[in-house]
Amino acid sequence: MKKINTLIILLFLSLSGFAADDKAPAIAEQAAPGLGLTQSELLIVIMLVFMLVLLFVSVTLLNAFKVLYNERQNPTPYAVPEKEVVLDYDVWLKTKKKQRSLWEKVLSLKPIEQEKDLEIEHAYDGIKELNNPVPTWFNVLFFGTMFFAVGYLFYYHIGGYGDLQDKEYEREMAMAQEEKAAYLEKSANTIDENSVLADNTPVTLEQGKGIFTGNCVVCHGDKGQGLIGPNLTDDFWLHGGGINNIFKTIKYGVPEKGMISWEKNLTPKQISAVANYILSLHGTNPAGAKAAQGEKYDEKDVKDSEMKSVKDSLNQANAAAK
């Protein structure tokens, strides 16, 4: 064994000396563009990996040789295997523990040996009936539903801590309205002349009236009857009627006619509000209205450009009735 250890050590030293000899000329060589190593450095790395693998194999073989050498010097005596006695099934059952498992306790299972104790004293055509009790898990579930019902009754109906269906419906509808308002507020500034919709709600018209009063009455009058600018209450339009054309005219303006662009002064939501307010002035026929200008505009279907209001299929009256 000492000879084997000496041979492995000499082999390792010889490989290390070979790697050291190859390292000297690597200084004059240029580094490879891939890994940043010269050919000599790459060869040294490969040799080191090879030496590690060789060392691992050598240690493994050394341990194997030690086992063989020890077994040769001190052989293990041969032992005759003992034959196990094959037990009968009934005898084998008696050797098992009589304690019931958790699974048998939960399901109220009885061992087959106790079947005679469960038989009811009557039979039909030789068929006997067993008196099996209700399983424990079923009793726990059954009585658990009773406790849950008592707690539910106290929490919702007696104590009034929780909301019933009608109250929950009203709360959910209020939350939906808040979320809708937040969404409209967020998406209002993303509309343009192609996506704008007619909206005749009081809030929108009131907002549009304020913007119109502060910016448009100088040219169009306080009632849209027209002063320097055209009349906004009749059926004739210079640049097209309808919510889309009015929005576009306010947004980009008509510089050659003296109508400035309001794109930088008003947000898309404000332009939509004032455009809807102008639509609400149609047919009001104010006193001193300016003569018609432009071409008569006939919208194909006004409902196509109207803003659809979201309505729930079940209102509060129906909910109370149900």
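In the range 269-279, is there at least one residue being assigned to a loop (DSSP other than H, G, I, E, B) and either of a type in the set (Phe, Trp, Tyr) or open to solvent by 40 Å² or more (accessible area, probe 1.4 Å) (or both)? Explain how you work it out, then say what you get.
Step one: of the range 269-279, the residues assigned to a loop (DSSP other than H, G, I, E, B) are none.
No: the range 269-279 contains no residue that is assigned to a loop (DSSP other than H, G, I, E, B) and either of a type in the set (Phe, Trp, Tyr) or open to solvent by 40 Å² or more (accessible area, probe 1.4 Å) (or both).
Answer yes or no: is there a residue in the range 130-152 that is in contact with a strand residue (DSSP E or B) (Cβ under 7 Å, 6 or more places away or on another chain) and open to solvent by 70 Å² or more (accessible area, probe 1.4 Å). Give the steps one after another, and end with the answer.
First pass over the range 130-152, keeping only residues in contact with a strand residue (DSSP E or B) (Cβ under 7 Å, 6 or more places away or on another chain): 130-131.
From what is left, the residues that are open to solvent by 70 Å² or more (accessible area, probe 1.4 Å) are 131.
For the range 130-152, residues in contact with a strand residue (DSSP E or B) (Cβ under 7 Å, 6 or more places away or on another chain) and open to solvent by 70 Å² or more (accessible area, probe 1.4 Å): present.
Scanning the range 135-168 for residues that are of a type in the set (Gly, Ala, Ser) and over 24 Å from SER108 (Cα atoms) turns up ALA149, GLY151, GLY159, GLY160, GLY162.
Which of the following residues is under 43 Å from the mean Cα position of the chain (by Cα) and either more than 15 Å from HIS282 (Cβ to Cβ) or not in a loop (DSSP other than H, G, I, E, B) (or both): ILE228, ILE211? Can you show your working first?
Working: ILE228 fails: under 43 Å from the mean Cα position of the chain (by Cα).
It is ILE211.
Close contacts from the range 244-273, counting a first residue that is free of Cβ contacts under 8 Å to residues at least 24 places away in the same chain and a second that is among the aromatic types (Phe, Trp, Tyr), with Cβ to Cβ under 6 Å and a gap of 6+ residues or different chains, come to SER261/TYR252. The set of residues in the range 141-194 being over 30 Å from GLU263 (Cβ atoms), in contact with a helix residue (DSSP H, G or I) (Cβ under 9 Å, 6 or more places away or on another chain) and of a type in the set (A, V, I, L, M, F, W, C) consists of LEU164, MET173.
Assess whether PHE65 counts as being part of a helix (DSSP H, G or I), of a type in the set (Phe, Trp, Tyr), modelled with pLDDT under 85 and surrounded by 10 or more Cβ atoms within 10 Å (Cβ to Cβ). Talk me through it step by step, then tell me what you get.
Values: part of a helix (DSSP H, G or I): yes; of a type in the set (Phe, Trp, Tyr): yes; modelled with pLDDT under 85: no; surrounded by 10 or more Cβ atoms within 10 Å (Cβ to Cβ): yes.
When the stated conditions are applied, PHE65 does not pass them.
The values are calculated or read from the model by the stated rules, or taken from the named source; none is laboratory data. In this text the structure is predicted, and so the values were computed from the model without any measurement. Please note: Cβ atoms are built from the backbone with ideal geometry, for glycine as well, and neighbour counts cover all protein chains shown. Protein only, heavy atoms only, side chains kept; ligands, DNA and RNA dropped before computing areas. Shrake-Rupley method; radii C 1.70, N 1.55, O 1.52, S 1.80 Å.
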